[in-house]
Amino acid sequence: MTAAPRRMRVLKTLGLALAAGSLVIAPALAVAQPAHAAPERTAWTVSGPSGSYTLDSDGTSSTAQFSYNLEPAGNTVTRTWSMMTTATQDGSVTVEYEWVGSHAWCDAVTLLNQVVESGSARTSTPIIDEGPNCSGMPPNGNFSYSDTVTFDVAAGDTYGFELGGSNRDLNNFLRGTLRIGVPELPDSQTITFPDIADTALDAGPIALNATASSGQPVSYASTTSDTCSVENGIVTLIAAGTCSIDATQEGIAFELDPAPAQMRSFAVLKIVTQIDADVTDEGAVGENFVGVATVTPAPTGERDVQFAAYADDQCETDPVFTSAGALSADGIAQSAEFVPESAGTYYWVATYEGDESTLPTATACGDLQSVVTAAETPTSPPGDDAPADPVSDATGELPRTGADGVGGIAALGGVLLASGLALLMTQRIVRRAASRR
């Protein structure tokens with residue numbers, strides 16, 4: 001094989017080097033973005049029909065603004081004005097505008113273009129092109145537009161806005177104001193929003209007191225509408241849970257930036273309830289005993305009070321009686337009837353278990369007592385089954401009494417005593433006869 005000439009080898013090497021270089025440079029070119037020019041206040045100028053406008057502010061110390069007023073405006077003839085400034089550096093410049101006015105009256109037209117002039121080249125991009133419309137449709141009557149626009153410029157370029165309009169009306173005037181500002185330049189502000197203490201559901205409403213460093217009024221909004229709402233700076237509590245409130249200040253176009261929103265959250269606590277109860281305090285076995293309880297504030301919805309009666313004063317054993325009493329609309333509940341089977345003291349407890357808005361509550365064991373006594377033994381009235389006559393019985397004989405027994409015992413004692421004396425006398429006689437012999 002014949003060796004390649006030296007020149008061909010050099011060209012190939014150079015080609016490979018260029019290809020490799022392009023692989024390195026291409027990504028950098030792909031991600032390159034226009035630099036953002038530093039925000040600055042530049043002087044703006046105005047041009048248009050002679051005597052039809054005023055430059056209210058050139059933008060060097062405050063928002064740039066000009067106003068126009070042309071009457072008569074020439075009916076369907078389009079009249080234009082421009083407001084321009086010069087870029088001091090390369091990059092992208094973002095500005096915000098606000099255009100308000102009235103092009104009386106029928107078939108009104110509004111036109112607004114974004115313009116960049118670089119040397120002899122002029123680029124115009126439509127932003128607003130509205131009308132002609134009539135019958136109350138925009139832009140008839142008063143109109144208002146606002147937005148932000150970004151210009152890609154080089155140092156020395158002239159950029160800005162061209163606006164115009166026309167109408168077909170006997171009034172035949174064109175009036176308006178264009179304001180231009182740099183978003184980064186308006187004054188900033190902050191919001192001070194004090195913490196909100198946890199609050200019981202029945203303790204509202206709550207007055208909010210956030211303030212803006214600018215002195216402008218602060219707006220509020222609830223982000224937890226199921227729990228709380230807010231209107232005119234007053235929070236209304238709706239349900240127990242977490243309430244979150246946003247505080248904002250929207251600022252003033254071109255002059256005051258919106259304040260960073262501040263949020264505060266607090267707990268909406270359940271309502272502390274009270275229960276007042278009473279029971280039948282005393283009675284006899286077999287009688288009816290009942291309990292009555294009042295819950296304050298009266299809960300909403302269908303709720304019960306649980307009643308229980310215990311035989312021990314610690315209420316630790318199983319209750320001898322339980323009952324659920326439904327609460328009425330005014331918060332009153334009554335137990336079923338308790339009929340004790342034995343005497344003693346019974347200790348009652350009335351319990352309200354609470355709901356989504358209220359806390360549970362109960363009476364203490366021993367506060368409510370029922371003292372039960374034994375039932376009285378009934379007596380039978382005289383009748384056919386009356387006791388027999390104590391004077392005589394069916395045999396006609398007098399009834400025996402205790403005195404008869406006592407007399408019999410005394411008689412028997414006398415007989416035994418006489419027998420003993422007789423035996424003693426006999427023994428003495430026998431001994432005397434024997435001694436004489």
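The values are calculated or read from the model by the stated rules, or taken from the named source; none is laboratory data. Please read these numbers as outputs of a predicted model, since none were measured by experiment. Virtual Cβ from ideal backbone geometry, glycine too; neighbours counted across all protein chains shown. For the accessible areas, the whole protein counts, side chains as well, though only heavy atoms, and no ligand, DNA or RNA atoms are used. Shrake-Rupley method; radii C 1.70, N 1.55, O 1.52, S 1.80 Å.
A few notes on this one:
- Full extension of the chain segment joining THR125 with VAL77 gains 15.2 nm, where the gain is 0.36 nm per residue of separation less the Cα-Cα distance.
- Bins of 5 Å, starting at 0 and running to the largest distance - Cα pair percent for the stretch 141-199: 3, 8, 15, 14, 12, 11, 9, 8, 7, 5, 3, 3, 1
- Relative counts (whole %) of C-alpha pair distances in the stretch 238-337, using bins that are 10 Å wide: 12, 26, 20, 13, 10, 9, 6, 3, 1
- When you filter the GluC sites (Glu not before Pro) in the stretch 238-285 for DSSP loop state and at most 14 other Cβ atoms inside 10 Å of their Cβ, you are left with GLU250, GLU255.
- One quarter of the surface of the convex hull around the alpha-carbon atoms of the stretch 88-245 equals 14.8 nm², the direction-averaged projected area.
- Comparing Cα centroids, the stretch 321-375 and the stretch 176-240 end up 48 angstrom apart.
- In the calculated pair-distance distribution of the stretch 296-362, the portion above 14 angstrom amounts to 59 percent of the Cα-Cα pairs.
- With every protein chain in place, the stretch 269-360: carbon and sulfur % of accessible area (1.4 Å): 46 percent
- The stretch 258-314: trypsin sites (Lys or Arg not before Pro) falling in loop per DSSP and having at most 15 other Cβ within 10 Å: none
- Contact order normalised by residue count of the stretch 118-265, Cα under 8 Å, 6+ apart, percent: 20 percent
- Heavy-atom accessible surface of the stretch 206-274, averaged per residue, reaches 52 Å², computed with a 1.4 Å probe.
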